[in-house]
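Each value in this text was obtained by applying a stated rule to the coordinates, not by laboratory testing. On a predicted model such as this, the values are computed, not experimentally measured, just so you know. Counting neighbours? That spans all protein chains shown, and the Cβs are built from the backbone with ideal geometry, glycine included.
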Amino acid sequence: MASMRDIKRRKSSIQSTQQITKAMKLVSTVKLQKAKNRAEETNPYFNYMYQTVSSMLKRSGTITHPYLKAGASSKKAVVVITSNRGLAGGYNSNVVKLVTESSFKKEDLLIYAIGHKGAEALGRRGYTIASDDSDVIEAPVYEDAAQICSRVLKAFQEEEIGEIYLAYTHFKNTVSHEPRLMKLLPMEIDTSEDQGDSNILMNYEPNDEEALEVIIPKYITSLFYGALVEAVASENGARMQAMDSATSNAEEMISDLSLKYNRARQGSITQELTEIIAGASAIS
């Protein structure tokens with residue numbers, strides 16, 4: 001059985017850790033509220049952007065464009081969005097699993113990392129890190145998404161890569177976050193749900209190729225930025241839950257150690273009384 005000194009030392013250590021987890025929970029709660037409001041404000045725009053571009057391509061007839069067909073290269077680019085810090089439960093590992101447990105061959109993937117945790121985890125597993133823009137996740141803005149999009153699209157146009165994917169965490173609500181692996185290029189036209197006016201073809205001015213050269217990069221940039229905003233909200237939500245669980249676990253451990261300390265103290269007092277009584281009996 002541990003001594004009273006050991007129990008007291010461990011209890012003090014856990015109490016110090018509990019103070020840290022409480023503070024981190026409060027910080028994450030404040031950050032989450034800001035990130036949540038930002039995600040809720042921007043989500044409608046990106047949802048409508050996705051619906052509009054999908055509907056537009058569905059009504060475009062048989063058009064050919066580099067963005068609508070796979071490139072000659074077998075390489076695939078995956079933009080992986082994680083965090084720069086840990087202590088967020090399974091937030092980072094779940095995104096990494098999307099890549100490592102996919103059907104993609106490791107040697108065919110080029111990782112465009114946003115977040116140190118994803119870059120480090122995939123780098124240790126032998127994946128090629130094409131770029132690391134981890135500073136972006138600290139305070140994402142649209143211009144950052146545009147720069148990353150421009151870099152990835154340039155590699156696609158120069159046939160360094162044949163497909164582009166996005167791995168991030170979708171923010172549903174404060175307690176629910178869903179890791180997603182989304183294919184961005186080549187764009188796939190979904191014709192499974194035909195609308196009433198789906199037979200009306202889309203007219204492009206001046207022509208479809210020039211229009212798509214402008215529309216699709218903006219569309220992909222919008223998805224990048226939307227994913228960054230949702231990832232920040234998901235990260236803070238996951239960290240808040242993790243710190244809340246850690247604080248609760250620390251409270252349970254402190255209660256258990258307090259009980260053990262009291263038992264050890266009671267045992268020590270009982271032993272001292274027994275020794276005193278035995279000594280008094282021996283003298284008499």
Handout entry: Cross-link pairs K11/K97; K22/K172; K25/K106; K58/K172; K31/K58 - those with Cα-Cα distance over 30 Å
Key = K11/K97; K25/K106; K31/K58
Exercise for the section: Using Cα positions and a limit of under 13 Å, work out the aspartates and glutamates in reach of K8, with same-chain residues fewer than 8 apart set aside. Expected result: D256
Problem - Centroid-to-centroid separation of segment 244-284 and segment 1-70 [C-alpha atoms, Å] - result: 45
Completion exercise
Per-residue ellipticity at 222 nm attributable to helices in the chain (runs of n ≥ 4 DSSP H, -39500 (n - 2.57) apiece, nearest 500 deg cm²/dmol) works out to -21500 deg cm²/dmol
Exercise for the section: Please give the FRET efficiency for S248 paired with V30, using the beta carbon to beta carbon distance and R0 = 25 Å, rounded to the nearest 0.05. Expected result: 0.80
Handout entry: Inter-label distance, nm, simple model (7 Å from Cα along the C-beta direction), A23/E210
Key = 6.0
Practice task
Could you pull out which residues in segment 241-284 have an amide N less than 20 Å from a spot 7 Å beyond the Cα of A2, following the Cα-Cβ vector?
Solution key: 246-269
Practice task
Report, in debye and to the nearest 20, how large the dipole of the chain comes out about its Cα centre when Lys and Arg carry +1 and Asp and Glu carry -1 on their Cβ.
Solution key: 1780
Exercise for the section: Relative to the longest principal axis of the C-alpha atoms of the chain, give the angle of the C-alpha long axis of helix 91-100, reported between 0 and 90° and rounded to the nearest 10°. Expected result: 50
Problem - Label corresponding to Cα extents along the principal axes in Å when calculated from the structure given, among (1) 71, 50, 34; (2) 49, 48, 38; (3) 115, 39, 33 - result: (3)
Problem - For segment 94-161: rounded, prolate or oblate by the Cα gyration tensor [a/c cutoff 1.5] - result: oblate
Practice task
Set the Förster distance to 35 Å, then compute FRET efficiency between K69 and R125 from the Cβ-Cβ distance, nearest 0.05.
Solution key: 0.70
Practice task
Report, by chain and number, residues whose modeled amide H sits under 5 Å from the one on H170, excluding near sequence neighbours (fewer than 5 apart, same chain).
Solution key: E178, R180
Completion exercise
Note on segment 42-241: contact order normalised by length, alpha-carbon pairs under 8 Å, 6 or more apart, percent, works out to 32
Practice task
Relative to the longest principal axis of the C-alpha atoms of the chain, give the angle of the C-alpha long axis of helix 142-157, reported between 0 and 90° and rounded to the nearest 10°.
Solution key: 60
